[in-house]
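Some notes on the structure that comes next.
No lab work stands behind these numbers, since they all come straight from the coordinates. Here the structure is a predicted model, which means the values were calculated and not measured. Methodologically, a virtual Cβ is constructed for each residue, glycine included, from the backbone with ideal geometry; neighbour enumeration extends over all protein chains shown.
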């Protein structure tokens, strides 16, 4: 079964959009990590703990709410944020060494 030109054009257009969104996500994550690295350095300089469970829980609740508003699975959003939080804490712990 071969795809018609309009179907193939739409598929290619959608894939191009996905590629652009993926690139934007990578750049946004890079910016986020620039900020969290500054937080990690500040925490290390002032002997603050690398993790902040209350802040993390508030962020999870906030992101879950945003996910619901955006018609995105809130469990997926929480899993995604937990992955990021673990990486941030790993960076913060490294600054303390």
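Would you calculate a helix-derived [θ] at 222 nm for the chain, using -39,500 (n - 2.57) for each DSSP H run of n ≥ 4 and dividing by the full residue count, to the nearest 500? Walk me through the numbers on the way to the answer.
Values: 3 runs with 81 residues, N = 97.
Dividing the helical sum by the residues of the chain leaves -30000 deg cm²/dmol.
How do 83, 95 line up, fewest other C-beta atoms within 10 Å first?
On the way: 83 10, 95 15.
Ordered by Cβ neighbours within 10 Å, fewest first: 83, 95.
Here the peptides 21-28, 59-66 are ranked by packing, the mean other Cβ count within 10 Å, and the order with the highest first is 59-66, 21-28. Note on residue 54 and residue 84: their simple-model spin labels are 2.2 nm apart, each label 7 Å out from Cα toward Cβ.
The ratio of the alpha-carbon radius of gyration of the chain to the globular-protein estimate 2.2 N^0.38 Å is 1.50.
Distance from the C-alpha centroid of region 53-96 to that of region 16-52: 12 Å, rounded to the whole angstrom.
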